[in-house]
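Let me begin by presenting the structure, written as structure tokens, before commenting on it.
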Amino acid sequence: YPRVFSDASENTEADWPSALTLDLKRGMPVVVVRMEKGMRLTGKVVDGAGKAVARAEVNVIGLQTGDWRYARETDAAGRFSLMVPAATGQWESNYKVGVVDPSHPQAAPLAETAEFTPKAGGSKSFVIVLEGGLPAGARGK
């Protein structure tokens with residue numbers, strides 16, 4: 001995922017790149033690109049009876065990015081996988097993974113995990129229990 005640092009006083013989500021393209025030419029100054037390691041989060045969303053919940057929207061809670069770039073929809077078996085930035089510097093924090101309602105993005109999560117601190121290059125797996133299943137209209141895209 002790209003992380004954007006800018007001197008601009010306002011930077012909207014539309015300004016954030018989804019990819020980095022470099023037009024390198026012979027004789028130009030050295031270009032340094034540093035990739036930072038993230039943390040892989042995997043898991044499964046199940047209802048109170050242990051049945052997989054398909055098409056549930058899973059997102060990281062606590063990043064305070066205001067966007068949904070980390071959100072993923074569960075597959076038919078209720079599984080999800082996403083990558084998040086490691087907790088470093090200004091991003092040092094504890095996060096949670098939760099099932100969210102995409103039609104009400106500012107609402108509290110429908111279910112969430114305990115807090116964890118993302119470690120560079122690490123991985124963590126979760127089972128999120130969504131008591132009562134997914135409410136009508138809360139399915140992912």
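The values are calculated or read from the model by the stated rules, or taken from the named source; none is laboratory data. Quantities reported herein were computed from a predicted structural model and do not represent experimental measurements. Protein only, heavy atoms only, side chains kept; ligands, DNA and RNA dropped before computing areas. Shrake-Rupley method; radii C 1.70, N 1.55, O 1.52, S 1.80 Å.
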* Structure fact -> Order by accessible surface, 1.4 Å probe, largest leading, for residues ARG69, ARG79 comes to ARG79, ARG69
* Check cross-link reach from LYS37 to the lysines: straight Cα distance under 21 Å, and skip same-chain residues fewer than eight apart. => LYS96, LYS119, LYS124
